[in-house]
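Inspection log for the structure reproduced underneath, given as structure tokens.
The values are calculated or read from the model by the stated rules, or taken from the named source; none is laboratory data. Note that the coordinates shown come from a computational prediction; the quantities given were computed from them, not determined experimentally. Virtual Cβ from ideal backbone geometry, glycine too; neighbours counted across all protein chains shown. Surface areas here come from the heavy atoms of the whole protein model, side chains and all, with no ligands, DNA or RNA. Shrake-Rupley method; radii C 1.70, N 1.55, O 1.52, S 1.80 Å.
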Amino acid sequence: MESTAINGPESGRFFLFAPDLESNRPFRGAVFENVQALLSPPRIILRPENGGFPELREMPRIVFDASQGPAPRDLEGGFSGYWLVSERLQRVMNALDPGAFAFAECDVRFADGAQGPRHFLCDVVRELDAVDEDRSRLDIEIDDDFVNGKFYSIAGGASLAFKNDALAGAHVFLTPFSTFVIADRQFVDAVHAAGVPVDPESSGISFIDASDI
């Protein structure tokens, strides 16, 4: 039976999609001010173990404080398990691949209390078993302690190929065996067409070719 997979990793087609991994920009000046009020003990971060959003008792409140660092870019990680994304990035995400993401709009304020620009907490919620292990180069760790019995490690570098029949038109996804997010070329191009800078230091986004991580 002929495989429906790509014949090996294909350069320029799929990308690791992550908060800025490439620049040395100073840490952002933004605080998730009411996170403690939103937590559901015993969890110590807001994001549930299975992803998405819990029922929120109030809007997440993010305070931009220039005295603490530069303003957030289009994407910033580290908000109690979530990304913080700008309105223009959220619009692209929601327009091109709404099934890939969950959002919670934030109450954004400046340090003086003035209303800030619209931002959203974001989680990638689509999960696809789409990595073609036979055509990829990566470390696959097998252990019953892993949630799904194995884990894809790309810490030492990797070259990833994907199964066409598992994608079904998806542009952004997680796999059941990793924590990294994959985006395709169409999504990357749409993000940049919306005015989000290509430079990770300016946008906060790293798109790293999945064929050569």
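Would you mind listing the strands (runs of 3 or more DSSP E) fully within the range 1-80 where at least 1 residues are touching a residue at least 24 places away in the same chain (Cβ under 8 Å) and over 19 Å from Phe101 (Cα atoms)?
Details: elements: 14-19, 30-32, 61-64, 75-79.
Because the criterion is at least 1 residues that are touching a residue at least 24 places away in the same chain (Cβ under 8 Å) and over 19 Å from Phe101 (Cα atoms), the strands (runs of 3 or more DSSP E) in the range 1-80 that meet it are 30-32, 61-64.
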Checking Ile140 against (1) surrounded by fewer than 16 Cβ atoms within 10 Å (Cβ to Cβ); (2) touching a strand residue (DSSP E or B) at 6+ places or on another chain (Cβ under 9 Å); (3) of a type in the set (A, V, I, L, M, F, W, C); (4) assigned to a loop (DSSP other than H, G, I, E, B), only one condition comes out false. Which one? (4)
If Val125 passes every condition in (1) without any contact (Cβ under 8 Å) to a residue 60 or more places away in the chain; (2) closer than 15 Å to Phe180 by Cα; (3) open to solvent by 50 Å² or more (accessible area, probe 1.4 Å) but one, which one does it miss? (1)
Going residue by residue through the range 94-101, is there one that turns out to be touching a Leu at 6+ places or on another chain (Cβ under 6 Å) and not aliphatic (A, V, I, L, M)? no
For the list (1) touching a helix residue (DSSP H, G or I) at 6+ places or on another chain (Cβ under 8 Å); (2) part of a helix (DSSP H, G or I); (3) loosely packed, with under 12 Cβ neighbours inside 10 Å; (4) not basic (Lys, Arg), I need the number of the one condition that Phe187 fails. (3)
Residue tally, condition aliphatic (A, V, I, L, M), touching a Phe, Trp or Tyr at 6+ places or on another chain (Cβ under 6 Å) and within 19 Å of Asp129 (Cβ to Cβ), over the range 171-213: 5
Counting only residues that are open to solvent by less than 30 Å² (accessible area, probe 1.4 Å) and either modelled with pLDDT under 95 or on the phi > 0 side of the Ramachandran plot (or both), the range 190-210 contains a total of 1
Kindly provide the set of residues from the range 105-137 that are in contact with a strand residue (DSSP E or B) (Cβ under 6 Å, 6 or more places away or on another chain), part of a strand (DSSP E or B) and farther than 23 Å from Leu174 by Cβ, ordered by number. Asp107, Val108, Arg109, Phe110
Note on the range 8-45: residues open to solvent by 30 Å² or more (accessible area, probe 1.4 Å) and of a type in the set (A, V, I, L, M, F, W, C) are Leu21, Phe27, Val31, Ala37, Ile44, Ile45
Filter the range 96-122 down to the residues that are open to solvent by 80 Å² or more (accessible area, probe 1.4 Å) and without any contact (Cβ under 8 Å) to a residue 40 or more places away in the chain and list them by number. Asp112, Gln115, Arg118
Does the range 145-158 contain any residue that is open to solvent by less than 70 Å² (accessible area, probe 1.4 Å), assigned to a loop (DSSP other than H, G, I, E, B) and either of a type in the set (Phe, Trp, Tyr) or in contact with a helix residue (DSSP H, G or I) (Cβ under 8 Å, 6 or more places away or on another chain) (or both)? yes
Scan the range 141-170 residue by residue and report those that are touching a Phe, Trp or Tyr at 6+ places or on another chain (Cβ under 6 Å) and among the basic types (Lys, Arg). Lys150
